[in-house]
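I have placed the structure first, in the form of structure tokens, so that the comments after it can refer back to it.
The values are calculated or read from the model by the stated rules, or taken from the named source; none is laboratory data. Only a predicted model underlies this, so the values are computations on that prediction, with no experimental measurement involved. Cβ sites come from the backbone with ideal geometry, for glycine too, and all protein chains shown count toward neighbours.
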Amino acid sequence: MLLCVRTTLDINDRLLREAKKRAADQGVPLREVVETALRDHLTRRRRRAGYVLRWRTEKGRLQPGVRLDDRDALFDLMDGRR
């Protein structure tokens, strides 16, 4: 059983005109255009939550003259000032 609820929404006039035009062009009720847009928006948000960060490591070695315990010297070296 499909349960429908009536509600009142404040919608920007220009946006409502576009939605009404789309409904008329497609020959469907305005309700269907709004429901489809809302359903698409909510579905799209759910997909984004599945992002997984993949950590990538690189092999390397410390270069001569690099001191990791001296931040300023390290920045100077990276900026080419040393």
* Asked: If you scan region 25-42, which residues turn out to be surrounded by 12 or more Cβ atoms within 10 Å (Cβ to Cβ) and of a type in the set (A, V, I, L, M)?
  -> Val28, Leu30, Val33, Val34, Ala37
* To do: Report yes if Val5 is at negative phi, surrounded by 10 or more Cβ atoms within 10 Å (Cβ to Cβ) and among the hydrophobic types (A, V, I, L, M, F, W, C), otherwise no.
  => no
* Determine, yes or no, whether Arg61 is under 30 Å from Met78 (Cβ atoms) and either at pLDDT 90 or above or exposed (fewer than 10 other Cβ atoms within 10 Å of the Cβ) (or both). => yes
